[in-house]
Amino acid sequence: MEESNNYGHQHPLLLILNQDQMIHNQSGATHCSRCGEEVSAPCFCCVEHCGFYLHKVCADAPLELNHPFHPHHPLVLLQKPPSFRTWCFCHFCYKTYTKFIYHCSCELNFHIKCALFTFNIAENNLKELDHVALQDEELEDDSKCFGCWEPLAKYTHFSPDCGFNLHDKCAELPFKLNLECHREHPLVLQFYSKPLSCKICCGIGWKRGFVYGCSPCNFVVHIKCASQSPLQVIKSTNHEHPFTLFNGHQHPLFLMLNQEQLMDNQRGVTDCWRCGEKVSAPCFCCAEHCGFYLHKVCAKAPLELNHPFHLNHPLLMENAPYSSGMYICNFCNKSGHKSVYRCSSCELDFHIKCALFTFNIAENNLKELQHVALQHPLIPTEKGDEKLKDVSKCFGCREPLANYTHFSPCRGFNLHEKCTEIPFKLNHVCHRKHPLVLQFNSERLSCKICCQVTRRRGFVYGCSPCKFVVHIECASQSPLQVIKSTNHEHPFTLSLRQVPSTCDGCGTEGNHVAYTCGTCNITIHKNCISLPRIIKSKWHDHRLLHTYFHHIEDFRVLNCLRCHDEVNTEHGSYYCSKCNGIFHVKCVMKDKDSYEIVENEDEIEMPIESSIIVIESNDAGEATKINHFKHMHNLMLGPFVGGYENSCDGCMLPISDPFYYCSECAFFLHKACAELPKMKNVWYHDCKEPLALISDKAFQCEQCWHISNAFAYECCRCEEKICLRCVIALTPGARSYLKHEHPLFYYTKHNGKCNACGRTTQAAFCCKDCNFVLHLRCFSLPITARHKCDEHLLSLTDHDDNSYSEHHHCDICEESRDPNRWFYNCATCDTSADRNCVLGEYPFLKLRSIQEGNDHPHPLTFVKKKYYYPDCDKCGKPCEGVALECSKSECKYIVHWKCVGDTYLEGC
């Protein structure tokens, strides 16, 4: 026992925790001072033995209770009934009370224990009923359930000895409910606070127990009515046939039993109100001929379906749960726009007919297929062409429908005969712990035999506790399988043990059934047996060879050229013997359109066509004199006096070693740009055809969106163009960057901030050793640039050592700049300028080059005026930026590139 505060009593109180202590301190029958009921432990008693007792739960009852079943107003604890009477009725148990009550101005009153008990029902926290016995026997009196006010003996109920008359099902009512008769909003479980009539039975009940209601619409239905079938048949005293009432329609309905009746009452093609499909008999039609039709099977469809193929959650009928109004059925894979059976937890959607049809498969009750004709599998003809052009798949196993005897698809279901007879449970040698149960593939788990992940449709055999599934087709195969491989000299045999292992074909770990080659000690997934031996990938210039293991003599670490993670060479990978490039199997084969299988291994690989012809070489074998097919003169390997102040004519970035130059004209090429091939595949372009190297044509790069007229790769199919800066930067592998000490790797998915511009990245160059990140556009920024604001070259700078705020401005536009963002700087003159001001709008347009294809009679040249700005012949404004000027000195024609650029780009 422990002493406590007095809860409004003049003497101290003791907490009594068990009944033995209670008997020791009690003198006769005593009652709780708050609720008025006979007191029981745990409770408080007065240390002065003045007869004051208080249940602990009553003592802890809050003065204001925000009750989920009455959300509009709080329930306030009062010391006595709020009326001139000395007693009132509780609106839950309907018994009288004279002591403390919970009250709301809606004229709702509750015993303390009733208010707290119903609060626990709402919170699904009924621990006080854990040890109360359930009863099915009839009761001597006509007691009613406090929840639904139906007779207590009608359903399984808790023993009334606990103090509450309650059905087992009323303690587990869902808090929210979707009903056809009120589709605007969900109905919420609540107290019957307003004497509204039930919208289904039209009866008005006393203000007691629960109802399902929608407060904004003043809409309520009784608990019993909400759980009834939406169809009710009522016999009429003045009509020969019964009427049917459907709680989603305002008029009575007639039942049409055959197609003739339907045709007599039908006006044109009509659809079922619930499933949206063309209506057919038997069905209901509106007696008022308002155009309402309803399949009989749709009318009787329950609002909640406990499906044997989806045991974890019930399927609830909803009305178009998506904003688009459309959904895709996870059984037949067809769209729907009307009512749907849905499991929101697993994101499963089913047509009404598909949900009920598969339910009947589970119940082995397919009467609707008894008269459907069977069609036998079609065999290929001698010429090799198949008679069946349709590539329909069975809705059950997702195998081609024509592979096995199947039902005629005219009934709307593509189904093999064998898929309607497969057992509900299966004991499989690959999973001996539990039986496998036929179910929907709701979690999209990979099959433990073939390792393939399927879409969430059709059936699988699964064990939910173990997250184990196998395809229908895989489960029916013989456990003793020997498969010949096109990629390995020995056959593979199925190993029936499911053990964690690493596949020697693809290098991924897993807990799948595996196939083994005993001769070579190779363990492999089933789908990896058919891995192609040689492929040609967009991610690499040469052919790639599949190997089960790869010897590295110099102990180097090899990283995948796509994901940049280390490749474990003890297991399978794709490898290039020419340049030591390596890929994870999963990476290089991730996109089916990014590779081609080389069927003929003996076929000689076509060499990559070079853009240059080597004329002279030095002793080290380095080309010192070349001819490039995009330039008329021979090119010499640098250095060249004054060459470093120029830009590369291929990528338009500043010249740096090594580079080639032309001794007859001002033409420069980085060695890397000069050695690019005439044709090239790139991984980020969708077309299968390689891209061709072009030059001297204005274009907009599809990757960085810069406009340029330097070298580019163009797709001959879609005519998209990609600049050399992006082609070189996005070549798989590590990239070096002059402003960073570590190599950078390009990741197609990266959420972060660019170190140069501070903007959020979705794809970026990242450093594995530190948090350095660059956008593609920032990666290609020129390291040096010229501007008329300074006589020296400006250098790209990544930090500002000057801490004075007055220094943090651009010397060109004189606006403030962020010192943490990269800028151009002259250390000699202390000039600092924003990079956009230095580079301008078109930093990669080659000045003094000729632009072909225009409406002007003479060739036009790209220029950028520095001190004299003639007026544009198009808009009349001064040509301050990049412009096109007539190459004839006597012709004064000049236009802004902005004014005519779109015309040239569209014509490219």
> Which whole-Hz couplings ³J(HN,Hα) result when phi for each residue of segment 535-545 is put into the Karplus expression 6.51 cos²θ - 1.76 cosθ + 1.60, θ = phi - 60°, listed in order with x for Gly and Pro?
Replying inline: 10, 10, 10, 5, 7, 8, 6, 10, 5, 10, 10
>> If each residue of separation counts as 0.36 nm, what is the full-extension length gain between K176 and C875 once their alpha-carbon separation is subtracted?
In response: 245.1 nm
>> Defining a contact as two alpha carbons under 8 Å apart and six or more residues distant in sequence, what relative contact order in percent does segment 254-342 show?
In response: 23 percent
>> Using a 7 Å offset from the Cα along the Cα-to-Cβ direction at both K749 and I483, what is the distance between the two label points in nm, to one decimal?
In response: 2.7 nm
> Share of segment 578-706's accessible area from carbon and sulfur, percent, 1.4 Å?
Replying inline: 50 percent
>> Please give the Cα centre distance for segment 846-876 versus segment 511-551, rounded to the nearest Å.
In response: 58 Å
> Relative contact order of segment 666-819: what whole-number percent is it, with Cα pairs under 8 angstrom and at least 6 residues apart?
Replying inline: 11 percent
> To the nearest 20 debye, what is the magnitude of the charge dipole of the chain about its Cα centre, counting +1 on the Cβ of each Lys and Arg and -1 on the Cβ of each Asp and Glu?
Replying inline: 1920 debye
> How many nm is it between the label spots at H490 and N120, if each spot is 7 Å from the Cα in line with the beta carbon?
Replying inline: 6.7 nm
>> Tell me the per residue accessible area of the chain using a 1.4 Å probe; a whole number in Å² is fine.
In response: 53 Å²
>> Using 0.36 nm times the number of residues separating H792 and N511, minus their current alpha carbon distance, what extension gain do you get?
In response: 94.7 nm
> Beyond 39 Å, what percent of the Cα pairs of the chain remain?
Replying inline: 66 percent
> Could you give the length gained on full extension between S849 and K154, defined as 0.36 nm per residue of separation minus the Cα-Cα distance, in nm?
Replying inline: 240.8 nm
> How large is ³J(HN,Hα), in whole Hz, for each residue of segment 45-52 in order, when computed from phi with the Karplus curve 6.51 cos²θ - 1.76 cosθ + 1.60 and θ = phi - 60°, using x for Gly and Pro?
Replying inline: 10, 6, 5, 8, 6, 8, x, 8
> What's the angle, to the nearest 10 degrees (0 to 90), between helix 897-907's Cα axis and the longest principal axis of the chain?
Replying inline: 80 degrees
>> Going by Cα centres, segment 575-613 and segment 626-696 are how many Å apart?
In response: 25 Å
> So if R0 is 60 Å, what FRET efficiency would S663 and C466 give, r being the distance between their Cβ atoms, rounded to the nearest 0.05?
Replying inline: 0.20
> Between the helical axis of 112-122 and the dominant principal axis of the chain, each derived from Cα atoms, what acute angle in degrees is found, rounded to the nearest 10?
Replying inline: 40 degrees
> Which FRET efficiency value, to the nearest 0.05, is calculated for D830 and S887 with the Förster distance at 35 angstrom and r the Cβ-Cβ distance?
Replying inline: 0.30
> Using the beta-carbon distance between E702 and T760 and R0 = 22 Å, what value does 1/(1 + (r/R0)^6) give for FRET efficiency, to the nearest 0.05?
Replying inline: 0.55
>> Run the simple label-point estimate for H73 and E48 please: 7 Å along Cα→C-beta, distance reported in nm.
In response: 3.8 nm
>> Run the paramagnetic zone check for E443: 7 angstrom along Cα to Cβ, then residues of segment 323-347 with backbone nitrogen under 13 Å.
In response: 346
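Relative contact order (percent) for segment 639-723, with alpha-carbon contacts under 8 angstrom and 6 or more residues of separation?
Relative contact order of segment 639-723: 21 percent.
The values are calculated or read from the model by the stated rules, or taken from the named source; none is laboratory data. Everything numeric here is computed off the predicted structure, so don't read it as measured data. As a convention, Cβ positions derive from the backbone with ideal geometry for all residues, glycine included, and neighbour counts pool all protein chains shown. Note: accessible area is taken over every heavy atom of the protein model, side chains too, but ligands, DNA and RNA are not part of it. Shrake-Rupley method; radii C 1.70, N 1.55, O 1.52, S 1.80 Å.
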